[in-house]
Amino acid sequence: MSRRYSGSASSSSSSTSSSDSDEESVRSASAGEKRKMGTSSTSKPSTTSIQVKVAPSNPEYDPVVVSFPRGIPSSIAGNDSNANHPTFSYSTFKDSSTRGRRINGEDDHCTYSASAAGKAHDGRLSKTYVCIFDKKKNTLKLIPSAEKGTVFALDQCVKEYSPAVANDSTTMGGDSSNISASDRVRMLVDSFGSKKKQKVMESRAANKVNVHSVVGGGNFVPENVKDSATNLDSQEVSYEQARRDFLPPFDADADAPQKVYNAQALMGEAAWNKVSGIVNKRLRDLKEQGGDSGETICDMLVGKGHCPKSIKTLMGSIKPSETGSPYRFKVAFFLYLIMRFYNKIDRRGFMRGNTVDDCINECHLPHETGVRIFDLFTTPIEGKENGFLLSKQLKTKMYIYCLILYVTASSKDMQVQNITPFYKDLRLDDKQATMILREAGFVVKKNSAGETSVKLSTPLEFPPPRRGKRS
């Protein structure tokens, strides 16, 4: 019985194993068929042979390659469908020579020009080719560009603008050959620049002080510029405009040094009236007390606040009973208020505040003078946190205003024997201060003892333009 049982068991197990092997063979066969099907269904990537042809150079028919460094015209870029495409003319660079080419073109808004002098031997390792692919013949033709691979970078000029020197403005519809570099940049940004760059240019223009809007600035500025415009070339006119943007209002035809720079025009009417009221009251109080000391006036004006040592020494050297002393005290006091603002904002370069009144109160300035100081030397900060920024350019502007005010308050003759202590209070190095004063027409000399003397003479003479180093 046991043997039959074991025999039946073995037969059943063998039958079971055979059925399992059959199933495995079926599965392996089906998997093999799938692999074969997958292999047969995947196609090999197709390749197409392309014949490359390099055309020989032919100066008469070689294509001309141009670039637009200042932006592609709107008609080509597709931004203005109504604008006409620019048209170009191609001619020799000189009538007396066959070498070199010149390109001139124009469209509705701009003129374009570029030139290549041409070379007898070209040793450049890179060449420029125009490639044309023929889909039907599967050929790629490489044609060398004109003038041995030269890419003509087109110089773009806006036709609608022209400089008018009279009245310190720019008008329309004239010759654009005498336009200044700053005006060229502004017009190109208006035409081709991004919105962000246009906002930057608008912010720069808003920071400029219009001389015609300053009380006491005088009408001499437009008359002088208008009279001299016919005798100045475009470069001299641009330097003259840049100088008037950099310096306070000045009279170039003044017959005395003290008439060149007008401190009242520099301060503005509201700030001048506020400073005059404060100084006049302190002078009356000192006169009632029977005193005649500049140091006493300085203590009465400054109070418990910190006063730079150079300004305190300056006020102490002024005798209240002398002729013209009230004017010098007013200039020195306004200079002290600027230094108070500078010492407050210089550490971070900006001040936080929702309004200008908040910043004025933080600096402890009289309201009228504070408004004038913030208008001259700061720009509003736009963003999540409001405030006012003292930029590098405006800090340089503040330096020249402070230096001129210091010399004005020092003497009637516009000269200082030693201005070095004031340099230290301004945290300004001698080299930069000397450059600023010379640009303003001052004569600066330094002796062996390290003392720097400053003097302004008439007729007013400015230094020639400084040329940058060649790179």
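The values are calculated or read from the model by the stated rules, or taken from the named source; none is laboratory data. Quantities reported herein were computed from a predicted structural model and do not represent experimental measurements. Every residue, glycine among them, receives a Cβ derived from its backbone with ideal geometry; neighbour counts consider all protein chains shown. Each accessible area value is taken on the protein alone, full model and side chains, heavy atoms only, with ligands, DNA and RNA left out. Shrake-Rupley method; radii C 1.70, N 1.55, O 1.52, S 1.80 Å.
The table for this structure:
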read-out	value
Residues that are closer than 18 Å to Phe250 by Cβ, open to solvent by less than 70 Å² (accessible area, probe 1.4 Å), of a type in the set (A, V, I, L, M, F, W, C) and part of a helix (DSSP H, G or I), drawn from segment 430-469	Ile436, Leu437
Filter result (more than 19 Å from Arg340 (Cβ to Cβ), buried (at least 17 other Cβ atoms within 10 Å of the Cβ) and in contact (Cβ under 8 Å) with a residue 40 or more places away in the chain) within segment 380-424	Val407, Ser410, Met414, Gln415
Test: residue in segment 237-244 that is free of Cβ contacts under 8 Å to residues at least 12 places away in the same chain, crowded, with 17+ Cβ neighbours inside 10 Å, part of a helix (DSSP H, G or I) and among the polar types (S, T, N, Q)	no
Filter pass, Ile72 being open to solvent by 90 Å² or more (accessible area, probe 1.4 Å), aliphatic (A, V, I, L, M) and modelled with pLDDT of 75 or more	yes
Selection within segment 311-337 - surrounded by fewer than 17 Cβ atoms within 10 Å (Cβ to Cβ), β-branched (Val, Ile, Thr) and assigned to a helix (DSSP H, G or I)	Thr313
Test: Gly268 is on the phi > 0 side of the Ramachandran plot, open to solvent by 40 Å² or more (accessible area, probe 1.4 Å) and either at pLDDT 85 or above or among the small types (Gly, Ala, Ser) (or both)	no
Only one of Phe133, Phe152 that is in contact with a strand residue (DSSP E or B) (Cβ under 7 Å, 6 or more places away or on another chain), modelled with pLDDT of 75 or more, open to solvent by 70 Å² or more (accessible area, probe 1.4 Å) and aromatic (Phe, Trp, Tyr)	Phe133
Test result for Tyr342, part of a helix (DSSP H, G or I), under 27 Å from the mean Cα position of the chain (by Cα) and under 21 Å from Ala270 (Cβ atoms)	yes
Residue within segment 290-300 that is open to solvent by 60 Å² or more (accessible area, probe 1.4 Å), assigned to a helix (DSSP H, G or I) and either at pLDDT 90 or above or not hydroxyl-bearing (Ser, Thr, Tyr) (or both) present	yes
Search result, residues across segment 82-107 that are in contact with a Pro (Cβ under 7 Å, 6 or more places away or on another chain) and open to solvent by 60 Å² or more (accessible area, probe 1.4 Å)	Glu106
Residues located in segment 365-379, provided they are open to solvent by 70 Å² or more (accessible area, probe 1.4 Å) and under 28 Å from Asp429 (Cα atoms)	Asp375
Any hit, segment 139-146, residues being within 28 Å of Gln51 (Cβ to Cβ), in contact with a helix residue (DSSP H, G or I) (Cβ under 7 Å, 6 or more places away or on another chain) and modelled with pLDDT under 85	no
